[in-house]
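Visitor: Sharing a structure below in structure tokens format, with a few things to ask.
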Amino acid sequence: MEIKGVKWKHARAPRRLLAIRMQAMGDLVITLPYLQQLRNMLPPGTKLDLLTRKEVDAIPKSMILFDRVYSIGGGRDLKRQLLSTAGLMPRLFMKRYEVVIDLQNNVISRSVTKCLFPDAWSLFDRFSPVAAGERTEKTIEAIGLGNCPAETNFKLIHEAEAMQILLENGWRKGNKLVILNPAGAFETRNWDINNYVQFAGLWLRSFPDTRFVVMGTDLIEAKSAYLQKQLGSHCINLVNKTRPEQAFAIMQKVQFVLSEDSGLMHMAWVSGIPVLALFGSTQSEKAKPLGPQSGYVDSSDLECGNCMLERCKYGDTHCLTRYTPEMIFDKSISLLEIHQDS
């Protein structure tokens with residue numbers, strides 16, 4: 001791992017810092033526990049701002065973490081993003097940021113850093129095989145302000161909304177909550193939906209007061225409807241019923257998450273929630289959840305593992321079909337026990 005940058009050299013703490021992360025929601029979420037720890041380390045009155053994209057700014061704006069969240073438009077179109085950034089630059093320049101932490105490392109973030117002339121800066125290593133969370137931690141530490149391990153104790157604005165959504169959809173206080181998230185983008189990242197049903201059955205034998213929550217968008221609408229049909233009143237179907245910031249607030253209330261490779265999986269481990277990630281074709285060394293309460297199964301032990309293909313060349317997605325509900329349940333219980341003992 002190679003983290004480039006210039007350390008903070010003044011005797012006093014910096015007064016104005018800017019963090020930059022512009023990628024997908026899950027990638028942005030990964031930065032939050034480390035930026036929360038940075039915030040905790042800084043003296044009162046220090047300004048910590050974030051530069052991101054409009055499509056993913058809902059969660060950071062819902063946190064009592066940043067003094068200001070700046071968002072660029074343009075969708076995924078680089079030219080439009082550059083134009084939006086150019087329009088924002090005078091406002092950023094007037095802030096006189098002393099430190100810029102570039103957690104993105106693309107042409108836009110590097111240009112912003114250069115134009116702001118900070119006294120100290122650091123640059124995320126995009127290509128190291130090390131997990132994204134570890135690279136984020138090292139990038140923030142490269143500024144020279146101290147160690148910056150993940151801090152999962154967030155203060156959120158929408159906690160009351162999250163409770164109300166759960167109550168309106170069948171949850172009762174005292175019921176445990178488990179998230180089932182069959183949201184892998186490709187079939188090589190999907191665990192069979194009936195496996196989730198069988199897993200839920202095993203879970204209910206040990207924890208009969210559990211309600212299973214399914215959240216997301218149209219991508220998993222059919223799967224969520226199937227889970228609701230099979231699990232009946234034990235399923236709380238919130239697909240297309242939550243905004244990202246509400247989903248993140250709901251995450252803080254759950255006891256366990258079983259998830260394919262997706263943004264919700266990252267929301268879980270950065271919140272300190274026990275999570276078991278199901279990686280099929282994904283290269284898990286970069287995407288894996290971190291922390292003692294997190295675990296994963298992957299394909300790295302297979303000759304064809306980490307293929308990143310959308311469809312299995314053998315036609316059976318062997319990297320995930322070999323994991324039975326019983327195996328996943330046993331691993332899940334082990335994670336719960338580790339979390340309870342910690």
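The values are calculated or read from the model by the stated rules, or taken from the named source; none is laboratory data. Please read all numbers here as calculations on a predicted model, not as lab measurements. Positions of Cβ are backbone-derived with ideal geometry, glycine not excepted, and every protein chain shown enters the neighbour counts. Please note that ligands, DNA and RNA were not included when accessible areas were found on the heavy atoms of the full protein model with its side chains. Shrake-Rupley method; radii C 1.70, N 1.55, O 1.52, S 1.80 Å.
Visitor: Are any residues in the stretch 59-68 in a loop (DSSP other than H, G, I, E, B) and open to solvent by 10 Å² or more (accessible area, probe 1.4 Å), and if so, which ones? Spell out how you get there, then give the answer.
Guide: First, pick out the residues of the stretch 59-68 that are in a loop (DSSP other than H, G, I, E, B): 62, 64-67.
Result: I64, F66, D67.
Visitor: Determine whether C304 is out of contact with any strand residue (DSSP E or B) (no Cβ under 6 Å at 6 or more places or on another chain) and surrounded by fewer than 16 Cβ atoms within 10 Å (Cβ to Cβ).
Guide: For C304, the condition - out of contact with any strand residue (DSSP E or B) (no Cβ under 6 Å at 6 or more places or on another chain) and surrounded by fewer than 16 Cβ atoms within 10 Å (Cβ to Cβ) - is met.
Visitor: Please note which helices (runs of 4 or more DSSP H) are completely contained in the stretch 180-260 and include at least 1 residues that are open to solvent by 30 Å² or more (accessible area, probe 1.4 Å), among the hydroxyl-bearing types (S, T, Y) and out of contact with any Leu (no Cβ under 9 Å at 6 or more places or on another chain).
Guide: Numbers: elements: 193-206, 221-231, 244-251.
Output list reads 193-206, 221-231.
Visitor: Here's a check for you: in the stretch 141-164, which residue that is of a type in the set (V, I, T) and either over 22 Å from P274 (Cβ atoms) or touching a Leu at 6+ places or on another chain (Cβ under 7 Å) (or both) is most open to solvent (accessible area, probe 1.4 Å)? Before the answer, list the steps.
Guide: Here is the first cut: in the stretch 141-164, the residues of a type in the set (V, I, T) are 143, 152, 157.
Imposing the further condition that a residue be either over 22 Å from P274 (Cβ atoms) or touching a Leu at 6+ places or on another chain (Cβ under 7 Å) (or both) reduces the set to 143, 157.
On the way: I143: 1, I157: 101 Å².
Ranking the qualifying residues of the stretch 141-164, first place goes to I157.
Visitor: At negative phi, in a helix (DSSP H, G or I), crowded, with 24+ Cβ neighbours inside 10 Å and within 15 Å of the chain's Cα centre (by Cα) - does that describe any residue in the stretch 270-281?
Guide: Yes.
Visitor: Tally up the residues in the stretch 179-222 that are among the basic types (K, R), under 28 Å from E245 (Cβ atoms) and at pLDDT 95 or above, please.
Guide: The first filter runs over the stretch 179-222 and keeps only residues among the basic types (K, R), leaving 189, 205, 211.
Subset that is under 28 Å from E245 (Cβ atoms): 189, 211.
If we keep only those that are at pLDDT 95 or above as well, we get 211.
Residues flagged as among the basic types (K, R), under 28 Å from E245 (Cβ atoms) and at pLDDT 95 or above within the stretch 179-222 amount to 1.
Visitor: Considering only the stretch 1-48, state which residues are in a strand (DSSP E or B) and buried (at least 18 other Cβ atoms within 10 Å of the Cβ).
Guide: Just the residues of the stretch 1-48 that are in a strand (DSSP E or B), to begin with: 4-6, 16-20, 47-48.
Matches in the stretch 1-48: G5, L17, L18, A19, I20, L48.
Visitor: If you don't mind, there's one more thing I want to ask. Among the residues of the stretch 167-224 satisfying the criterion of being in contact with a Gly (Cβ under 9 Å, 6 or more places away or on another chain) and of a type in the set (S, T, N, Q), which is farthest from V239 (Cα to Cα)?
Guide: T188
Visitor: Kindly indicate the residue of the stretch 69-96 that is open to solvent by less than 20 Å² (accessible area, probe 1.4 Å) and in contact with a Phe, Trp or Tyr (Cβ under 9 Å, 6 or more places away or on another chain) and also farthest from T136 (Cα to Cα) among those meeting that condition.
Guide: Here the residue is L88.
Visitor: Identify, by number, the condition in (1) over 25 Å from S284 (Cα atoms); (2) exposed (fewer than 15 other Cβ atoms within 10 Å of the Cβ) that P129 doesn't meet.
Guide: (1)
Visitor: Kindly indicate which of V112, V99 is more than 16 Å from I143 (Cα to Cα), more than 24 Å from the chain's Cα centre (by Cα) and touching a residue at least 40 places away in the same chain (Cβ under 8 Å).
Guide: Values: V99 fails: more than 16 Å from I143 (Cα to Cα).
Being more than 16 Å from I143 (Cα to Cα), more than 24 Å from the chain's Cα centre (by Cα) and touching a residue at least 40 places away in the same chain (Cβ under 8 Å) holds for just one of V112, V99, which is V112.
Visitor: Moving on. Given K253, K241, K223, K286, which one is closer than 20 Å to G133 by Cα, in contact (Cβ under 8 Å) with a residue 24 or more places away in the chain and basic (K, R)?
Guide: Numbers: K253 fails: closer than 20 Å to G133 by Cα; K241 fails: closer than 20 Å to G133 by Cα; K223 fails: closer than 20 Å to G133 by Cα.
Going through K253, K241, K223, K286 in turn, just one is closer than 20 Å to G133 by Cα, in contact (Cβ under 8 Å) with a residue 24 or more places away in the chain and basic (K, R): K286.
Visitor: Next up: Please tell me if V56 is in contact (Cβ under 8 Å) with a residue 24 or more places away in the chain and crowded, with 16+ Cβ neighbours inside 10 Å. Steps first, answer last, please.
Guide: Working: in contact (Cβ under 8 Å) with a residue 24 or more places away in the chain: yes; crowded, with 16+ Cβ neighbours inside 10 Å: yes.
So V56 fits the description; yes.
Visitor: Filter the stretch 282-301 down to the residues that are part of a loop (DSSP other than H, G, I, E, B) and crowded, with 20+ Cβ neighbours inside 10 Å, then identify the one that is farthest from the chain's Cα centre (by Cα). Give the derivation first.
Guide: Within the stretch 282-301, the subset part of a loop (DSSP other than H, G, I, E, B) is 282-283, 288-293, 298-301.
From what's left, crowded, with 20+ Cβ neighbours inside 10 Å: 282, 288-289, 291, 293, 298-299.
Working: T282: 16, K288: 11, P289: 9, G291: 13, Q293: 15, D298: 18, S299: 21 Å.
Across the stretch 282-301, the extreme among qualifying residues is S299.
Visitor: Right, next: Exactly one condition in (1) of a type outside the set (D, E, K, R); (2) modelled with pLDDT of 95 or more; (3) closer than 30 Å to E161 by Cβ is false for G75; which is it?
Guide: (2)
Visitor: Still on this structure: For the stretch 135-171, give me each residue that is part of a helix (DSSP H, G or I), under 21 Å from M41 (Cβ atoms) and in contact with a Ser or Thr (Cβ under 9 Å, 6 or more places away or on another chain).
Guide: Of everything in the stretch 135-171, those that are part of a helix (DSSP H, G or I), under 21 Å from M41 (Cβ atoms) and in contact with a Ser or Thr (Cβ under 9 Å, 6 or more places away or on another chain) turn out to be R135, T136, K138, T139, I140, E141.
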